[in-house]
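K.L.:
Pasting a structure below so you can have a look.
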Amino acid sequence: MTKKILLLPGDGIGVEIMAEARKVLELMNEKHSLDLELDEALVGGSAIDSAGKALPDITLEKCHAANAILLGAVGGPKWDNLPPADRPEKGGLLKIRKEMGLFGNLRPALLYKQLADASSLKPELVADLDILIVRELTGGIYFGEPRGIRVLENGERQGYNTYVYAESEIRRIGKVAFEMAQRRDKRLCSVDKANVLEATMLWREVMEGLAKDYPDVELSHMYVDNAAMQLIRAPKQFDVMVTGNMFGDILSDAAAMLTGSIGMLPSASMNEKGQGMYEPCHGSAPDIAGQGIANPLATILSVAMMMRYTLNMPEPALLIEEAVSTVLDQGLRTGDIYSEGCTKVSTSEMGAAVVAALSL
Ligand code: IPM
Ligand code: MG
């Protein structure tokens, strides 16, 4: 049966990296008769410029109709002065996540052995690193109400947000995390701030309750400040980590750096209907946009995740991951993962090398 894939390049380097990921998708589609139908739509700042809002209705319709979405990145200084709700991040990306109910965010931090030198930690601390961060993506303080900036009686302005989690939301993401742990090393660390925040006291309680259904998984708990420290002290102690929206945002950036570059990390966001949105963990990087130097591998690896998790095509997923490993073996590096003795390549040269490796 034909599967619909919607490409949303977005802004900044999103456009450049998507062009390379598209080549990989098209090649795999043809070579392995995957029966994928590719479509493209606008989101983010580019959608604001040409259609007046960050998530045009037509784009949202296409999202709902797609089996899987591949997103580049959104945002840039040009749109930073718009009201928060209209900006590419909130009006585009967060709106898709919310409208589609993409609550389950998987962010692997996997170190390719070829990149051990690019990590900010000593090679022995990160050798064979393989962590999976499971981040709740449609709740918590990102979406909690009430929120806003109000004027107090004394005339001073006050900003406020609300950290909320319902039991059902915690249970839903907890199940995803336990199931992922079952497929891996069977160790799950739940990250909270239960020494201060009531919402995360409930989080911890619900995780404890769930653990009874997964006796083969070893559940532990860690406060988020300690988790941040442990990630940069001894990251290999972790297998799967599960946490709320904001903590997951922060910890996944930290974990990314352990692997050499955030330019290497893909992610998946899933809903209860089996649809998924796949995107690199990095942003639109306006500072390097248009220069052809961005690393397209996170987006290409996101295509692999898409094949594995939404399309149920594990073999092509593996081929893409192996092709990425091959180009790294060849010594090809974009600037973000470059180290001495390697060959520095552009975005499109890296994409072409992956395509060449897949064509063999
Ligand atoms: C991410 C990003 C987004 C987030 C931004 C762009 C809104 O940092 O996907 O991690 O905070 O979720
Ligand atoms: Mg982030």
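Read the figures in this text as sums done on the coordinates, not as results from a lab. From a predicted model like this one, the values you see are computed outputs, not experimental measurements. Quick reminder, even Gly has a Cβ in these numbers, built from the backbone with ideal geometry, and neighbours come from all protein chains shown.
K.L.:
Taking 8 Å as the Cα distance limit and 6 or more residues as the minimum spacing, I'd like the relative contact order of segment 209-284 as a percentage.
P.N.:
19 percent.
K.L.:
Hey, what do the phi angles of segment 59-69 turn into as Karplus ³J(HN,Hα) couplings, whole Hz, using 6.51/-1.76/1.60 and θ = phi - 60°, x for Gly and Pro?
P.N.:
Result, ordered by residue: 5, 5, 4, 5, 4, 4, 7, 7, 6, 8, 10 Hz.
K.L.:
Treating segment 3-134 as a set of equal point scatterers at the Cα positions, no solvent, please give the Debye-formula log₁₀ I(q)/I(0) at q = 0.15, 0.16, 0.17 Å⁻¹.
P.N.:
With no solvent term, the Cα-only Debye profile gives -0.86, -0.93, -0.99.
K.L.:
Would you mind checking which residues have amide H under 5 Å from A109's amide H? H placed 1.01 Å from N; only 5 or more apart, or other chain.
P.N.:
I131, L132, I133
K.L.:
In the neighborhood of K3, defined by Cβ-to-Cβ distances under 12 Å, what is the net charge if each Lys or Arg adds +1 and each Asp or Glu adds -1?
P.N.:
Overall, the nearby charge balance is -2.
K.L.:
Among A21, M264, T243, which residue has its Cα positioned farthest towards the positive end of the charge dipole of the chain, with +1 placed on the Cβ of Lys and Arg, -1 on the Cβ of Asp and Glu, and the dipole taken about the Cα centre?
P.N.:
My answer, from the dipole projection, is T243.
K.L.:
Also, I was wondering about something else. Would you grab the residues whose amide H sits under 5 Å from the one on H221? Only those 5+ places off in sequence or on another chain, please, with H modelled 1.01 Å from N.
P.N.:
For H221, the qualifying residues are S190.
K.L.:
Give or take rounding to whole Å, what are the principal axis extents of the alpha carbon atoms in the chain, in descending order?
P.N.:
Largest first, the chain extends 62, 49, 44 Å along its Cα principal axes.
K.L.:
Taking amide hydrogens as modeled 1.01 Å from N in the peptide plane, which residues meet the under 5 Å criterion relative to C281, leaving out close sequence neighbours?
P.N.:
Amide H neighbours of C281: L265, S267.
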